[in-house]
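One structure is given below, encoded as structure tokens.
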Amino acid sequence: MSEKASSLPAVPLTLEGAAVLHQMYRLRWPEWRTRAAIEREYAASEFAQQFAPLEQAGASAMYSLYGHKGDLMFVHFRPDFAALKQAESAMAKLRLNDFLEPTTSYVSVVELGLYESTGKTYHDLAQKNIAPHSEEWDAGIKDLVARQSEAMKPRLWPEVPKVQYACFYPMDRKRGEDKNWYMLPLAERQRQMHEHGLVGRRYAGHVKQIISGSIGFDDWEWGVDLFADDPLVFKKLIYEMRFDRVSAEYALFGSFYFGMRCPAAELLPLLDGEWPK
Amino acid sequence: MSEKASSLPAVPLTLEGAAVLHQMYRLRWPEWRTRAAIEREYAASEFAQQFAPLEQAGASAMYSLYGHKGDLMFVHFRPDFAALKQAESAMAKLRLNDFLEPTTSYVSVVELGLYESTGKTYHDLAQKNIAPHSEEWDAGIKDLVARQSEAMKPRLWPEVPKVQYACFYPMDRKRGEDKNWYMLPLAERQRQMHEHGLVGRRYAGHVKQIISGSIGFDDWEWGVDLFADDPLVFKKLIYEMRFDRVSAEYALFGSFYFGMRCPAAELLPLLDGEWPK
Amino acid sequence: MSEKASSLPAVPLTLEGAAVLHQMYRLRWPEWRTRAAIEREYAASEFAQQFAPLEQAGASAMYSLYGHKGDLMFVHFRPDFAALKQAESAMAKLRLNDFLEPTTSYVSVVELGLYESTGKTYHDLAQKNIAPHSEEWDAGIKDLVARQSEAMKPRLWPEVPKVQYACFYPMDRKRGEDKNWYMLPLAERQRQMHEHGLVGRRYAGHVKQIISGSIGFDDWEWGVDLFADDPLVFKKLIYEMRFDRVSAEYALFGSFYFGMRCPAAELLPLLDGEWPK
Amino acid sequence: MSEKASSLPAVPLTLEGAAVLHQMYRLRWPEWRTRAAIEREYAASEFAQQFAPLEQAGASAMYSLYGHKGDLMFVHFRPDFAALKQAESAMAKLRLNDFLEPTTSYVSVVELGLYESTGKTYHDLAQKNIAPHSEEWDAGIKDLVARQSEAMKPRLWPEVPKVQYACFYPMDRKRGEDKNWYMLPLAERQRQMHEHGLVGRRYAGHVKQIISGSIGFDDWEWGVDLFADDPLVFKKLIYEMRFDRVSAEYALFGSFYFGMRCPAAELLPLLDGEWPK
Amino acid sequence: MSEKASSLPAVPLTLEGAAVLHQMYRLRWPEWRTRAAIEREYAASEFAQQFAPLEQAGASAMYSLYGHKGDLMFVHFRPDFAALKQAESAMAKLRLNDFLEPTTSYVSVVELGLYESTGKTYHDLAQKNIAPHSEEWDAGIKDLVARQSEAMKPRLWPEVPKVQYACFYPMDRKRGEDKNWYMLPLAERQRQMHEHGLVGRRYAGHVKQIISGSIGFDDWEWGVDLFADDPLVFKKLIYEMRFDRVSAEYALFGSFYFGMRCPAAELLPLLDGEWPK
């Protein structure tokens, strides 16, 4: 590596979009069951009235989780963190909230990694003898980010895909004593991410993936949302990717949350054990 | 390794069958005890009425777990994840559910690994100069998978074996800094899995093993169910396997759940502390 | 190593005896305190009536644990797992159970490792050109196990020693990336286990040790029970053993449970805070 | 390294300032909801009356946390640990406390690391042939610390910055088998900390960082508080720093707590789900 | 190393003294608040009456913990484990116990490590051609231990120091795959412990340290209690020690519990949020 290259920044550029909140809840079943039908109906219809338009707009979605990790998962995409806090408050205010026990949650922001253009941009700026972190350098970066953000708007502020199944999990890049993602040269990380992306592309049309960054917001570095009509695709995709070097050597995974989409209007039958039919 | 071989996919082919849910519950003993006999009887008989036919059909089974990890474990095998969600809802709807506290659960899908045929198939396709992931390649793979799925139907959609004891545990393949299963060549993984299978075969007739995959569905990569009339066989089998290279070096195990099969009709005596006799 | 030796099984032979359950409970103190004296007395005397004969027979024992991990530990030794399930049910049925909150438990089976005779037997059979896992081989092994089981009956179905203090902990053998017990040759494992046994023998008469295996039954590979009248011996013995290679390099330990034996008849004063005197 | 240098102390000098407490709480929502409006108003106004002046003085601040880790985070800076205990008691005494369930907390003391001057000072003293830990040496160190403490007073006893968002996380320096921060020479640690500081400086004006030490007080070695009006800056800063050698190789991170500042006067609308507007 | 030296025992001699119990509790605040003043006063004065004499004698002490790990920590030093069990029972019997929820605890025995004399003694005995673990050897060791125990009586059965702050944490010596304390030669361990002790000695007069061993009694190998009037000394001491090889490479630390001493007579104001003044 030339001395110049080695002094280039190591951090890849990223674009940030929608603020994201995943909320996992367990229903307080005994509490729910002992309440009068009218109370349960009120709670469900108040929720549906508030949630259905968000659902329609692709801003929020509800899932019936499989297993004991939670009965319900709500996913919220909002323009920014102030709006996300409002979304969280609106959920807390619901009568339904009296019957929900939070089991976990995840806070993040939609992120597009620019590994491809980062290498090129750093190199171009350096070619022009612009020193990293100089005013000119920062302007160059700012310009690139602005242009890309504009171009990628729909991917940065996406709608929750209207398909049957969702899979969410958080992940880290390993910083082991020997295998340390953050000590790899940018070019090698770019190469591995590229290879990784090729696998994902083969699943285009079958699964929709949304990556969000959570450094500074939650306990893992990234959150991954997968959406598909055929849930077996989740397994196929993640298993195939696990053999990529970037996953095999450098990926650490948290818990997996897997659920079936349930429309807001179906909450009552769901909590009455009569959904899906 | 020839350049061709090295560019073949690393992921082994798998077949997927029944969607599987393990539910572990602790009884809320004080709550149960203080209820009127008629309420307890109602809860138990409502459960038995719903569960007995499933039990009979080998679709679901109940176990009395040993130790504090839970009092009851329910195992459900269903044709797909939509049917599995219905099974989960049906359990939630039961009056019995008011007395149950979920301690954990496991979500997976019956999986048959095709390590043997994967190597051969990849090689055959490559011999015919078919490029990986080309349309022709995908068709070849699809064809193999369809033929094998048809042939393996009973193993892909199995019944819960009607024997006395069950042992369930989840597991991963290690991705250590040095010992990394996912970085081994396919042929070496195939060899180790073959060796591993030989041990299992020696226990045929004594223990029935069902492997399910859970990548994308739950926190570990696989779930293992063992069923036997003599529980000591669980220990013998797993201990012997632990010396196989694939287990010794690459297996990571989660918690073990060990239970005695209890017919749905015996739930009331079980919860009254009068079962087994 | 000769080719022959390298193809001998790696798994050491073991003998299995009594099925074992450790139950750790915390008392629901506020619940206990607020009940009428007559109810508390009933719960205690019902327990004593059931438990005292088991205690007398060395089949079960009760300990007052030190610290917050539990107030009571019950240890049960039973002929097999069906009888153990009955023991667990009998505990659940007690009125006392309404005041107990399980904190943890351990399920295992008394195990005697036959490292010494395993090596010799494998070698002898191989000398006679008997192939591993052939019918003749299995018969030879079965014969050895039957003879040893007969000879070791009292150690396989032991009584709970009637001494003042107990210490229980689960353990594993390490399967690290570099230090991996399960990859060591049988002869080396035998050598280290022998060395380890020498330390134990020096404590004969001062401490009684019962090893139980829990592969397939619980989360660790073994459980260790130590019984002694002088609790300092626990520390001395375990500390000295920790410098053995087999412990220093290959032992992983779970939580330690340390308690003082309390006769069933003393439960009421114990829960009234008036025991020991 | 000269023999002299190698015998110099390895510990960097530090300055200590304000005692710090982070308190994370979950609201007992059902409890809160069922209380009469007058009770809720009383609890909120009693809190506001006590908390607003502290808030005004920069001594304490309240945040509405994102996600399930807590609903509220209180940050308290106090002159010393006796005053901090009083702050904790004052919180406990509030009627509001009846509705709060602590989820976690963090105890630390504002710390300024003197890596730069430590190396120089040790060297200067050694040049004068003053032996480490001699009376003269200790006097020299004491003198330096006193002078620096005086100079850094505002940074040692800071106010909680009055900006919109806060991010808190604890961290350790790794003591791995191979990569061990505490075994690096002081000069190398100083070099890495210097490099690390350069990144931080580029974010000056955008984010305010307060480091507190917690060795002896809590489970991690340091706590990091970041304060900013634009929450995306947290992610940018921490991500960029993660590529510094000191972070990439030697940083271990605990949980991240991310919240939006809420004035004491707005507690009632917050808990009524009507904040932020 | 000579063959003789290599066959000497590896375990260092230790002296054992007082049995020790640390109890950490959280107050059930809502429960406490809703009780009549007279009940709270009764609970507090019953406690004070029992605890004050123990406090006076240096046998027990109470601390108000910082943070959420507990509201109260009780430390008990007793002559032996039977007396310690009585102390635990006496605490359980208190009315105050109805308001306390145990969060954690620690069980151990005061330990003085004899690294210095162990090496010398082993060597001397070996010089006289006395074989390790022979009767003569054991007599020699017993003699040494008896003499040292007599000499160290006050340090083996210490009083709880009557100072303002306490810091408690448990620790292990690492048994990593490469860095393994228990595989180091005795002489090297002795050297590192000696170096470690030198740091401690520089803090004499400022901090009082009591080491207790917990192998066989609790989950870590040792417990460390530090007592000081200036809490910053805890941080200074532990941080400086962390650079010693024995800590940097071989120490693993559990949770830290940090509290301010509160006299038994001040319990009521403490729980009323009016202490310290």
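Here are some notes:
- Within the range A:242-253, residues that are free of Cβ contacts under 8 Å to residues at least 40 places away in the same chain have Cβ atoms under 7 Å from residues that are part of a helix (DSSP H, G or I) in these pairs: A:R242/A:A248; A:R242/B:Y182; A:F243/B:Y182; A:A248/B:Y182; A:A248/B:M183, counting only partners at least 6 apart in sequence or on another chain.
- Test for C:Y106: is it away from chain B (no Cβ under 14 Å) and modelled with pLDDT of 95 or more: no
- The residues on offer are D:D71, D:D143, and the sole one that is more than 25 Å from E:P276 (Cβ to Cβ) and either at pLDDT below 95 or open to solvent by 60 Å² or more (accessible area, probe 1.4 Å) (or both) is D:D143.
- Check on C:Y63, among the aromatic types (F, W, Y) and crowded, with 22+ Cβ neighbours inside 10 Å: yes
- Taken together, the criteria exclude B:F47 from residues that are of a type in the set (F, W, Y), closer than 26 Å to A:R261 by Cβ and either facing another protein chain (nearest Cβ under 8 Å) or surrounded by 17 or more Cβ atoms within 10 Å (Cβ to Cβ) (or both).
- Residues of the range E:114-129 classified as surrounded by fewer than 18 Cβ atoms within 10 Å (Cβ to Cβ) and on the phi < 0 side of the Ramachandran plot, total: 8
- Selected residue (criterion: nearest to E:V233 (Cα to Cα)) from residues of the range E:175-199 that are modelled with pLDDT of 95 or more and open to solvent by less than 20 Å² (accessible area, probe 1.4 Å): E:Q192
- Any hit, the range A:113-127, residues being under 29 Å from A:D230 (Cα atoms) and either touching a helix residue (DSSP H, G or I) at 6+ places or on another chain (Cβ under 8 Å) or away from chain D (no Cβ under 14 Å) (or both): yes
- Top-ranked residue of the range D:221-238 - restricted to ones that are at the interface with another protein chain (Cβ under 9 Å from one of its Cβ atoms) and touching an Asp or Glu at 6+ places or on another chain (Cβ under 8 Å), ranked as farthest from E:K236 (Cα to Cα): D:L232
- Checking D:E39, D:E3, D:E31 one by one, the residue that is more than 14 Å from chain E (Cβ to nearest Cβ) and either modelled with pLDDT under 95 or surrounded by fewer than 18 Cβ atoms within 10 Å (Cβ to Cβ) (or both) is D:E3 and no other.
- Considering residues of the range B:75-86 that are open to solvent by less than 10 Å² (accessible area, probe 1.4 Å) and in contact with a Leu (Cβ under 8 Å, 6 or more places away or on another chain) only, the residue farthest from B:T34 (Cα to Cα): B:L84
- Evaluation of A:G197 against the conditions (1) more than 9 Å from chain B (Cβ to nearest Cβ); (2) free of Cβ contacts under 8 Å to residues at least 12 places away in the same chain; (3) part of a loop (DSSP other than H, G, I, E, B) shows that the sole unmet condition is (3).
- Meets criteria (charged (D, E, K, R) and within 23 Å of the chain's Cα centre (by Cα)) for E:K142: no
- Count of residues meeting criterion [under 20 Å from the mean Cα position of the chain (by Cα) and within 15 Å of A:P269 (Cα to Cα)] in the range A:32-64: 3
- Filter result for the condition that a residue is out of contact with any strand residue (DSSP E or B) (no Cβ under 8 Å at 6 or more places or on another chain), open to solvent by 20 Å² or more (accessible area, probe 1.4 Å), closer than 30 Å to A:D244 by Cβ and in contact (Cβ under 8 Å) with a residue 40 or more places away in the chain, over B:A52, B:A57, B:A90, B:A10: B:A10
- D:F256 vs. criteria of a type in the set (A, V, I, L, M, F, W, C), facing chain A (nearest Cβ under 9 Å) and in contact with a strand residue (DSSP E or B) (Cβ under 6 Å, 6 or more places away or on another chain): yes
- Just one of the listed residues (A:I210, A:I215) is open to solvent by less than 30 Å² (accessible area, probe 1.4 Å), without any contact (Cβ under 8 Å) to a residue 12 or more places away in the chain and within 21 Å of A:R155 (Cβ to Cβ), namely A:I215.
- Where D:I130 falls short, out of the listed (1) farther than 30 Å from D:G58 by Cα; (2) part of a helix (DSSP H, G or I): (2)
- Taking the range A:173-194 as the range and being touching a residue at least 12 places away in the same chain (Cβ under 8 Å) and small (G, A, S) as the test, only A:A187 passes.
- Considering residues of the range C:222-277 that are among the aliphatic types (A, V, I, L, M) and more than 22 Å from the chain's Cα centre (by Cα) only, the residue nearest to E:R189 (Cα to Cα): C:L270
The values are calculated or read from the model by the stated rules, or taken from the named source; none is laboratory data. Only a predicted model underlies this, so the values are computations on that prediction, with no experimental measurement involved. Glycine also receives a Cβ, built like all others from the backbone with ideal geometry; neighbour counts cover every protein chain displayed. These accessible areas exclude ligands, DNA and RNA; they are computed on the full protein's heavy atoms, side chains included. Shrake-Rupley method; radii C 1.70, N 1.55, O 1.52, S 1.80 Å.
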